[in-house]
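The values are calculated or read from the model by the stated rules, or taken from the named source; none is laboratory data. It should be emphasised that the depicted structure is a prediction, and the values quoted were computed from it without experimental measurement. Virtual Cβ from ideal backbone geometry, glycine too; neighbours counted across all protein chains shown. Remember, those area values only see protein heavy atoms, side chains included, never the ligands or the DNA or RNA. Shrake-Rupley method; radii C 1.70, N 1.55, O 1.52, S 1.80 Å.
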Amino acid sequence: MKNKILLLIIAVFFAEIVQGQEKLNISEYLKLKENKIISPSVKQIEMLKKVLPKQAFQPAPKISDRVFWNKIAATKSGKDYWELANSYISTKPEVPISDSIYRLANKEGNRGIYKPRYYRTMEKLEYFILAECLENKGRFLPQIENFSNAILSMKSWLHPNHDDNKNTVLEGKRMHIDLGARKFGSVLALANCLLENKLSSTLKEDINSNLQRRIIDSYLTSTKGLDRSNSWIKSTSNWNSVCTSGVVLTTITNSKNDEERLLTIGAAINSMEYYLSGFGDDGYCSEGLGYWGYGFGHYLYLAQILYDYTDGNINLFEFNYPEKLKNVGNFPENFEIQNLRCAPFADGVSRVSSKGSNFANVLSAKYFGAIKPTEIRMEEAAEQLIAWQHPKMFETNTNNTSSTLPDHTYFNDFGMVISRGKQKIPFSIAVKAGHNAENHNHSDVGTYVLVLGKDVMSGDIGAPSYTAGAFSEKNPARSSWGHPVPMIDHKLQSNGKEYRGIITKTNFSKDEDDIEMDLKPAYEISNLESLIRTVKNNKLDNGVITIKDTFSAKKNIDFGIAMMTLNEYKIVDENTVVLTSENQKIKAEITSNGGVIKISDELVPVKKLREGAPAYRIGVDFVKPIKNGSITVKYTLIK
């Protein structure tokens, strides 16, 4: 008897060892990557073989599994989904667009003439696919075939403005995957995977060949470094996670080739090391809150399907730095200034959105302890399938749990501070040092935004709308000219990671927060000796926020600063400006040391801004060049 017990203990011990070995050690895996090639190395491949199943991934039970689908069809979510799909059943696909529209959109960057048509077509096809799984009567099949064939007939699945200026993807001279192509591929892969023999053999063959050519082969070729397409595989921006998640879904569901599935997953893990490096260890997302939801949401989607596919043996929820991922998952709450307002730095937004998918928030609550959403919003069928298979994860927060925002938040990796007032009408400021090579970069070292109550009063005006020229360094809303930062000798800040701001001092207390930053490294000006910006938030009474720029130079230089606003304003006199928003009014009192200043205002010459337009630049400049001086702007509430 004792021998049997001993053998059982030994068997359990070794079983635990074997099971432990089956879990992919991502830290060790990444060490085995070869040079800068994204495709997995020979040693990485050996590690992957131990954790990957031999069969393809099934993102949800097939349509023939009536127990599963009838159960979902009986739920409120299933009924709502079917009802919306049914409302689309008489519509027509809106693709392909004509070559002339494609070329025009490529030239002008006009997304409005194609993007809504692309995404409405993809969304309706997704609804038809899942609705047919729910109903199983064949009513949606004609539209599934119709919409699928329309997508397959497109010469290019790219957003036209993501093609090169010679439209070589449209011309069939190369393949490339972008934010649109990955979703066209994902939707077709779901149709092929879920509907089994409900689709005609001809359509299934067309889907297979197109996914192979446009997605799988294109991705694997790029990851091996054999072409220059799909450079996003080494990007730190949302493009990487979004495109990668789509490619992985397409490949592991559609490819019957074990090696292709393994190489795709292996490359994706290597690629995600680049993506995650774009966040600060403190969780800061330089792309802003909107792109956090989009990019990190797709990262979490990728993590979930790989976790499900491998029975937890590949865990991207921890990757090789679980504490950092926890911080990233809690970024939205930490980034909020107050009253659902946040800083529209880079191409971010100034408001916590109540629209669009909050998939990232749901999974962050599950895996990182973030606040659970009070409602569930999804935009893609792939998200919906996860929700139907993990219903507890997608239960809403019925307690309306919220947490009190701290007096300040300091993202020290990127040099961004939020100083929150606690008055009855809170008066707060967010200010950023950062550098000028961030994702969706603006030349904005030293930028800030003031929020009074629910209103953004002054500071960063956000991003230009995405039309031709929106991403140009010369765009007034993207250059430092269109930000509340100094201009020196009529020169703007330079671009590159070396052009940065450095927070040199901080002092946080209940009554006052003080931040000092060195802005000199953001400028290529040989005569400039020093440039210090100090920010003081006095939280007593109604609050006073003061911003002071102090400089010294080797010889006399022209120097000025700017206040930026999207609100109404009035220049009262040579030292006073009044800013009036929908609900609030503040006074900006401007003083100088070292010379006489003048105030001059002008319209920001950008017709469309994501925060709305028009925007105005209120310049404050010394009348004559000087060697040493300072300009101080003191903001106070007007009752």
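Please list, by residue number, everything in region 453-484 whose backbone N is under 19 Å from a paramagnetic label point 7 Å out along Cα→Cβ of Glu582. Taking a point 7 Å out along Cα→Cβ of Glu582, the residues of region 453-484 whose backbone N falls under 19 Å are 453-463.
If r is the Cβ-Cβ distance from Glu512 to Asn315 and R0 is 51 Å, what FRET efficiency results, to the nearest 0.05? Before the final figure, lay out the partial values.
On the way: r = 44 Å, r/R0 = 0.86.
Efficiency at R0 = 51 Å is approximately 0.70.
Looking at (i) 25.5, 92; (ii) 30.2, 102; (iii) 27.2, 98, which value of Rg and Dmax of the Cα atoms in Å comes from a calculation on the structure shown? Only one option fits the structure, namely (iii).
Net charge near Lys587, counting Lys/Arg +1 and Asp/Glu -1 over other residues with Cβ under 15 Å of its Cβ? Walk me through the intermediate numbers first.
Working: positive: Lys570, Lys585, Lys634, Lys639; negative: Asp455, Asp541, Glu568, Asp573, Glu574, Glu589.
Combined, the nearby Lys, Arg, Asp and Glu give -2.
Antiparallel versus total DSSP beta bridges in the chain: what percent is that, nearest 5? Numbers along the way, then the final one.
Numbers: 90 of 90 bridges.
Bridges in the chain that DSSP calls antiparallel: roughly 100 percent.
Ligands, DNA and RNA excluded, the heavy atoms of Asp227 present near 60 Å² of accessible surface to a 1.4 Å solvent probe.
If you take every residue apart from Lys50 with its C-beta less than 14 Å away from the C-beta of Lys50, what net charge results, scoring Lys and Arg +1 and Asp and Glu -1? Please report the intermediate quantities before stating the final value.
Working: positive: Lys23, Lys43, Lys49, Lys54; negative: Glu22, Glu28, Glu46, Asp258, Asp311.
Neighbour charge sum, excluding Lys50 itself: -1.
If you sort the three axes of the alpha carbon gyration tensor as a ≥ b ≥ c, you get a/c under 1.5 for region 408-637, which makes it rounded.
For Lys107 and Ile502 in the same chain, what is the full-extension length gain: residue separation times 0.36 nm, less their Cα-Cα distance, in nm? Mind showing how you got there, number by number?
Details: separation 395, 0.36 × 395 = 142.20 nm, distance 3.89 nm.
Working it through step by step, the gained length comes to 138.3 nm.
Using the Cβ of Tyr301 as centre and a radius below 15 Å, the other residues enclosed give a net charge of -1, where K and R count +1 and D and E count -1. Per-residue ellipticity at 222 nm computed for the chain from its helices equals -10500 deg cm²/dmol, with DSSP H segments shorter than 4 residues left out and the rest contributing -39,500 (n - 2.57).
Using per-residue counts of other Cβ atoms within 10 Å, averaged over each peptide, order 264-271, 431-438, 65-72 from highest down.
Working: 264-271: 25.1, 431-438: 23.5, 65-72: 15.0.
Highest to lowest by the protection proxy: 264-271, 431-438, 65-72.
Residue pairs exceeding 23 angstrom between C-alpha atoms, taken from Lys36/Lys497; Lys43/Lys224; Lys505/Lys598; Lys454/Lys634; Lys326/Lys392; Lys234/Lys324: Lys505/Lys598.
Based on the alpha-carbon gyration tensor of region 515-593 and its eigenvalue square roots a ≥ b ≥ c, which shape applies: rounded if a/c is under 1.5, prolate if not and a/b is larger than b/c, or oblate? All intermediate terms of the calculation are to be shown ahead of the outcome.
Working: a/c = 2.44, a/b = 1.78, b/c = 1.37.
Judged from the Cα gyration tensor, region 515-593 comes out prolate (a/c at least 1.5, a/b above b/c).
Assuming charge only on the beta carbon of Lys and Arg (+1) and of Asp and Glu (-1), the dipole of region 408-637 about its Cα centre is about 100 debye to the nearest 20.
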